[in-house]
Ligand SMILES: Nc1ncnc2c1ncn2[C@@H]1O[C@H](COP(=O)(O)OP(=O)(O)OP(=O)(O)O)[C@@H](O)[C@H]1O
Ligand code: SF4
Ligand SMILES: [Mg+2]
C-alpha cells in the first residue's frame, strides 16, 4: 500500500517537472519582466541592477533549479501587477475557489448519481426522459451562457440571489469562508450551479450508461435468481460495479472544476484564483500565471493519486497480492 | 417417480417475444413435470429453448419476452402470474438457479462469504453470525479447501471449477426444493466437469432437491438424470425415462441426436450428424417443425403440428405414433 503510493508519486514527478519547465520558460522568456517592472523610464544601470537582483543574468539551468527550489517552498516571487508576493495572493484567493469548486462538485455528485441510477433503472419513465432532455441542455450550453441566464432570472428578474461577489465571509485563521454567513451561502448558489451543471449532467449520463451496462451482467441476473431484494441488487451489486469508471470521471472532473472555474469566476466576479489568473493574463503578470499553472497541475496529480487509491479500495481485483483471506 | 405429486408442473407454456417484425414464439406448448427429488435432463440443439424454459420457471425472462399462454405450478400453486416481489421470495428459497459461466455469475466486488450470507439472511430467519457459520459449512460441503479462510476471498481468487462450486453453494444455501441448472459445466475445463457434476448430483440426492439439468453432455444425462426431455425449435419433441430416450428413442429427432453422440466406452471416427440446421424462430416450418430434416417424413407431417403423444415407452411429438386416423 505504502509502496503503491510512493510509486504513484514518483510517476507524477515528471509531469510536475515538465509543467514547471513550461511555467518557468514562460516566466523567463515571455515578455520582458524587467521592462514591465521598471515602467517607462529607466537607466541602463537600474536595469542591470534589477536583472542581477532577479537572477536573470545567470545560466538557464541555474535559474530553473532556483525556480524549482523556490516553488517547492511556495516561493514564486513578486507579482508584477500588484508588487506583492505571489504566494500571498494565491493563498488569499484559494479559499474562494476551493469552496466554490467543492460546492459545485458535491452538488454534481449528490444530484447526478441518484439521477443516473434512476434513469438507468427506469429508462422509459417520463421522468427519465425529462432528465435526459435536461441533461442535453447541461452538456450543450456553454458555461458562461448558463451563468448569464441564471443571473438574468434569479438576480435581475426575481432578485432572489446576488449576481456577483462572495457575500460576507468569516476569517478562520488563514482561511476565509463564505459557508458561515447567509449572504455567503446565497452568493454561492448561482456560481455553484453554473460550475457544477456540466459535471452533474456528465455524471448522470455516465452513471446511467454504466448502470444499463452492469444491469445486463450475469452476476446481476444471478443476484436476482438468488432472490435478493431489488434494493440490494440495484444499490449494492449494480451501483458498486459502476463505481470504478464513475470515480475516474468524477476525479478528472473535480480537477476540471477547479481549473476551469475561470469562466464562472469571471461571470460572477468571484474573487478566486481563476479571476486572479484572468486579471494576470490581462496584465502579463507572468509570476502569477506560472504559479497558477503549477498549482493546477499539482491539483490534477493529487486527484489522480486519490482516484487510484479509491480504485484500490473499491475493486479487490486491483489489489496486489491477496486480500485478508488465506492462501 | 412420476406418480408422486409433482413439485413443478409446466403446462402448455408459450413464451413470446414481441419484435418490430412480428411476434417470435420462443416456446410453444411446452408441458412437463418434475417430481420431488427427481432429475429431469433437458437436451437439444443450440437455440431449442432450453435456457428460455429455465428462465420462464424462475420468472426471469428477459423483457420483452413474456409468458403468453400456459401456466407454471410449484407445489400445485401457480407461480407464473405472481408479482415481482412475491416471485422474488420464491427465487433462491424454493427454486435455486445455476448458470453456465462461473467467471461471470459471481459479483467480482463481493467476497464469496458476503454473497453466501446475504443470500441466507434474505431467505432464512438467521442472523449474520449464524449465516457466516453456515456459509463456511457450505463451502466445506462443496469441497472448497480451507473454507474458514477462503470465505473472505473474492471470486477472482478462485479457479473456474472452484467458482462453480461456490455458485452451487449459493444455489443450495437457502435449501430450495428445485434447482434449475443451465449447462453448469459447459464453461469448465473438461478435466473438472465430471467432479462438478458428481458434486451436484450428490448434494441434490442428499438434500432431496429436484433438478432441471440442461446440458449438451449426453454422458452427464445418462449418469445423472431420471428422465429426459428433448427440445426442438421451442417445443418438447420427446420426453421419457432416461434409458428409453437415450437407448431407444422414439422420435426421429431424438434418435438422430442420440446417434450423433460418441458412445462412452469407445472413440468413433466420425459422428453421425443430423443434416441441416434447426430453423430460426421466425421461420419455423408448418406442420412438424422437424419435417424438412426428418428421414421418416410423410404427408401428414407438413400440414399438422403433432402434440406429445404416447409412444409406448416415452411420449413423443411425432405423427408416427398417432393412434387415430387423421380426419378429413
Ligand atoms: N431476447 C431475445 N429476443 C428474441 N429471441 C430470443 C431472445 N433471447 C433468446 N431468443 C431466442 O430464443 C430461442 C431459444 O433460446 P435459448 O437460449 O433458450 O436456447 P438454448 O436451447 O438454451 O440454446 P443453447 O444451447 O445455445 O444455450 C433462440 O432461438 C434464441 O434465438
Ligand atoms: S411428425 Fe413427421 S416429420 Fe415430424 S418427426 Fe415425426 S415423422 Fe418426422
Ligand atoms: Mg442455453
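Values quoted throughout were computed directly from the atomic coordinates according to the rules given, and no laboratory measurement underlies them. Worth saying up front: this structure is predicted, and the values here are computed from it rather than measured. Quick reminder, even Gly has a Cβ in these numbers, built from the backbone with ideal geometry, and neighbours come from all protein chains shown.
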> Tell me, A:180, B:74, B:170, B:24 in order of fewest to most beta-carbon neighbours within 10 Å?
Replying inline: A:180, B:24, B:74, B:170
> How many times 2.2 N^0.38 Å is the alpha carbon radius of gyration of the protein assembly as shown?
Replying inline: 1.36
>> Based on alpha-carbon atoms only, what is the radius of gyration of chain A relative to the globular estimate 2.2 N^0.38 Å?
In response: 1.22
> Can you tell which of B:232, B:290, B:154 shows the greatest fluctuation in a Gaussian network model of chain B with Cα springs below 10 Å?
Replying inline: B:154
> When chain B is treated as a GNM, springs tying every alpha-carbon pair under 10 Å, which of B:85, B:244, B:130 comes out with the largest mean-square fluctuation?
Replying inline: B:85
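Per-residue ellipticity at 222 nm for chain A, helices alone: DSSP H runs ≥ 4 residues times -39500 (n - 2.57), over residue total, nearest 500 deg cm²/dmol?
The helix contribution divided over chain A gives -23500 deg cm²/dmol.
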>> Out of all Cα-Cα pairs in region A:88-283, roughly what percent, to the nearest whole number, are more than 30 Å apart?
In response: 31 percent
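How big is the antiparallel share of DSSP beta bridges in the protein assembly as shown, given as a percent to the nearest 5?
65 percent
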> By counting other Cβ atoms within 10 Å of each Cβ, how are B:142, B:39, A:299 ranked from fewest to most?
Replying inline: A:299, B:142, B:39
>> Run the simple label-point estimate for residue A:130 and residue A:83 please: 7 Å along Cα→C-beta, distance reported in nm.
In response: 5.9 nm
>> Can you give me the C-alpha center-to-center distance between region B:166-227 and region B:22-92, rounded to a whole angstrom?
In response: 18 Å
> region A:12-91 to region A:182-251: how many Å between their Cα centroids?
Replying inline: 45 Å
> Can you tell which of B:25, B:166, B:228 shows the greatest fluctuation in a Gaussian network model of chain B with Cα springs below 10 Å?
Replying inline: B:25
>> I need the shape label for region A:31-73. Rule: rounded when a/c is under 1.5, else prolate if a/b > b/c, else oblate, with a, b, c from the alpha carbon gyration tensor.
In response: prolate
>> Looking at the calculated P(r) for chain B, what percent of the C-alpha pair distances fall above 28 Å?
In response: 44 percent
> Given the C-alpha centroids of region B:99-153 and region B:281-314, what is the distance between them in whole angstrom?
Replying inline: 47 Å
>> Helix B:112-123 against the longest principal axis of chain B: what's the angle in degrees, Cα atoms only, rounded to the nearest 10?
In response: 70 degrees
> Using a Förster distance of 41 Å, how high is the FRET efficiency between residue B:66 and residue B:302, based on the Cβ-Cβ distance and rounded to 0.05?
Replying inline: 0.85
> What is the fewest-to-most order of B:31, A:18 by other Cβ atoms lying within 10 Å of their Cβ?
Replying inline: A:18, B:31
